[in-house]
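J.: Please see the structure below; I have some questions.
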Amino acid sequence: MSTPPVDAVLLLSFGGPEGPDEVRPFLENVTRGRGVPPERLDEVEQHYQHFGGVSPINELNRRLVADLSRALREAGHDLPVYFGNRNWHPLAEDTVTDMARDGVRRALVFATSAYGGYSACRQYHEDIARARAAATERTGGAPDLVKLRHFFDHPLFVGAVADGVRAAREQLVDGHDARLVFTAHSVPESADRTAGPPGEGGHRYSRQMAEAARLVAEAVGAPEHDLVWQSRSGPPRIPWLEPDIVDHLDDLHDRGVGAVVVSPVGFVSDHLEVVWDLDNEAAEHAEKIGMGFVRAASAGSDPRFVRMVAELVAEQVDGAPVRGLGTVPRAGVGCNGELCHPGCCEPAKRPGSP
């Protein structure tokens, strides 16, 4: 039996609250089963309430849906673009149910993460499976859903991040002398060790992140750069990837660094963790210690990001060539419709779990 043609695209993302009353239920969805203490949820809830209880991520994704729909039409692909989330409305289960009712048979899934790892890749496969199961229960069937590949080394992604760095440099006196610091969401060290298929050596998440940072630094001509981490949320007793961005600013200050350009290379859009952790906490700390600080724009604000997603679709629909600049595993297992290897990017074991 021949494979049915692609007849839709699903943008699959993390989700975020869109009002004060939605913040706590959203955070409970995000952290369910993770052992995050209530006081940490109280702290993060205040971050959201600082912005009226609204995360920018859903609106940014709706804009991406509209821009991608237009880009696909211009490329000759008449494919509707649907939008669903892991943690908040519109939930992936509801969106895939709508797709089934609309007669969609096979769709490509663009997940808003450029990297491998459990939460960045495998968990999206789990989201897809859960959404298909819900649609099947509700409608008697579900479309095939094919997750697109990692794109951390795609030249359009690298170019967009690089131009964000260049623009940020222009906001500083002697900006080209500022230290270039890349940030990404921290994960437990145990999760990073198991990121990738057995036999690959793990650390796919941090290795791909380091490669993206290297490619951007090379593009902007930075002789040195740092990759640091932000937004950790687990219990203090569990080791996470370090150093944290704020601690790293102190270290740079002690070494005589007077200014930094910070690029959130691990994030595709300026959602709340970028806005709070960098534009508020890190920026305020830099001001406190007398350090120049500018945060570069994320890739999702650049028109090339939409073109990149359209190219990923074209790889599947038209057999377009796969473009990449990096030297570490990119597509591999768990992408382009392939199943993950047993043990690939296993979720970290919780304390006390069997």
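J.: Looking at Gly164, Gly159, which is the one that is surrounded by 18 or more Cβ atoms within 10 Å (Cβ to Cβ) and either among the acidic types (Asp, Glu) or within 30 Å of Ser233 (Cβ to Cβ) (or both)?
T.: Going through Gly164, Gly159 in turn, just one is surrounded by 18 or more Cβ atoms within 10 Å (Cβ to Cβ) and either among the acidic types (Asp, Glu) or within 30 Å of Ser233 (Cβ to Cβ) (or both): Gly164.
J.: When both residues are 6+ apart or on different chains and their Cβ atoms are under 8 Å apart, which pairs have a first residue that lies in the range 132-144 and is under 13 Å from Asp102 (Cα atoms), and a second that is in a loop (DSSP other than H, G, I, E, B) and not aromatic (Phe, Trp, Tyr)?
T.: Ala135/Gly141; Ala135/Ala142; Ala135/Pro143; Pro143/Val104; Pro143/Arg105
J.: Does Ser69 satisfy being without any contact (Cβ under 8 Å) to a residue 24 or more places away in the chain, buried (at least 17 other Cβ atoms within 10 Å of the Cβ) and under 25 Å from Lys147 (Cα atoms)? Break it down into steps so the answer makes sense when it comes.
T.: Details: without any contact (Cβ under 8 Å) to a residue 24 or more places away in the chain: yes; buried (at least 17 other Cβ atoms within 10 Å of the Cβ): yes; under 25 Å from Lys147 (Cα atoms): yes.
Taking the combined requirement at face value, the residue satisfies it.
J.: Report, ordered by the first and then the second residue, all pairs with beta carbons closer than 7 Å, sequence separation of six or more or different chains, a first member in the range 26-43 that is free of Cβ contacts under 8 Å to residues at least 24 places away in the same chain, and a second member that is among the acidic types (Asp, Glu) and part of a helix (DSSP H, G or I).
T.: Leu27/Glu45
J.: Of the residues Arg86, Arg122, Arg169, only one is under 15 Å from the mean Cα position of the chain (by Cα), modelled with pLDDT of 95 or more and surrounded by 16 or more Cβ atoms within 10 Å (Cβ to Cβ); which?
T.: Arg86
J.: Of the conditions (1) farther than 17 Å from Ala213 by Cα; (2) among the basic types (Lys, Arg); (3) in contact with a strand residue (DSSP E or B) (Cβ under 8 Å, 6 or more places away or on another chain), Lys288 clears all except one; give me its number.
T.: With respect to (1) farther than 17 Å from Ala213 by Cα; (2) among the basic types (Lys, Arg); (3) in contact with a strand residue (DSSP E or B) (Cβ under 8 Å, 6 or more places away or on another chain), Lys288 is out only on (3).
J.: Ok, one more. I need the full set of residues from the range 128-156 which are surrounded by fewer than 22 Cβ atoms within 10 Å (Cβ to Cβ) and part of a helix (DSSP H, G or I), in order please.
T.: Ala129, Arg130, Arg132, Ala133, Ala134, Thr136, Glu137, Arg138, Thr139, Pro155, Leu156
J.: Right, another one. Given the conditions (1) more than 23 Å from Phe110 (Cβ to Cβ); (2) in contact with a His (Cβ under 6 Å, 6 or more places away or on another chain), which single one is not true for Pro197?
T.: Of (1) more than 23 Å from Phe110 (Cβ to Cβ); (2) in contact with a His (Cβ under 6 Å, 6 or more places away or on another chain), only one is false for Pro197: (1).
J.: Scan the range 12-23 residue by residue and report those that are within 23 Å of Asp270 (Cβ to Cβ) and either part of a helix (DSSP H, G or I) or not assigned by TED's automatic domain parsing to the domain that holds Asn58 (or both).
T.: Those that are within 23 Å of Asp270 (Cβ to Cβ) and either part of a helix (DSSP H, G or I) or not assigned by TED's automatic domain parsing to the domain that holds Asn58 (or both): Pro20, Glu22, Val23.
J.: Given the condition part of a strand (DSSP E or B), closer than 27 Å to Tyr205 by Cβ and in the same structural domain as Leu148 (by TED's automatic domain parsing), answer yes or no: does some residue in the range 58-73 qualify?
T.: No: zero hits.
J.: Scanning the range 28-57 for residues that are in contact with a Pro (Cβ under 8 Å, 6 or more places away or on another chain) and assigned to a helix (DSSP H, G or I), which turns out nearest to Pro347 (Cα to Cα)?
T.: By that ranking, first place goes to Tyr48.
J.: Among the candidates Leu60, Leu12, which residue alone is of a type in the set (A, V, I, L, M, F, W, C), within 30 Å of Arg73 (Cβ to Cβ) and in contact with a Gly (Cβ under 6 Å, 6 or more places away or on another chain)?
T.: Of the residues listed, the single one that is of a type in the set (A, V, I, L, M, F, W, C), within 30 Å of Arg73 (Cβ to Cβ) and in contact with a Gly (Cβ under 6 Å, 6 or more places away or on another chain) is Leu12.
J.: Among the residues of the range 91-99, is there at least one that is surrounded by fewer than 23 Cβ atoms within 10 Å (Cβ to Cβ), at pLDDT 95 or above, acidic (Asp, Glu) and not in a helix (DSSP H, G or I)? Reasoning before the result, please.
T.: We begin by selecting, within the range 91-99, every residue surrounded by fewer than 23 Cβ atoms within 10 Å (Cβ to Cβ); these are 91, 93-95, 97-98.
Filter once more, so that each one left must be at pLDDT 95 or above: 91, 93-95, 97-98.
Keeping just the survivors that are acidic (Asp, Glu) gives 93-94, 98.
So of that shortlist, the ones also not in a helix (DSSP H, G or I) come out as none.
No, the range 91-99 has no match at all.
The values are calculated or read from the model by the stated rules, or taken from the named source; none is laboratory data. All values reported here derive from a predicted model rather than from experimental measurement. Please note: Cβ atoms are built from the backbone with ideal geometry, for glycine as well, and neighbour counts cover all protein chains shown.
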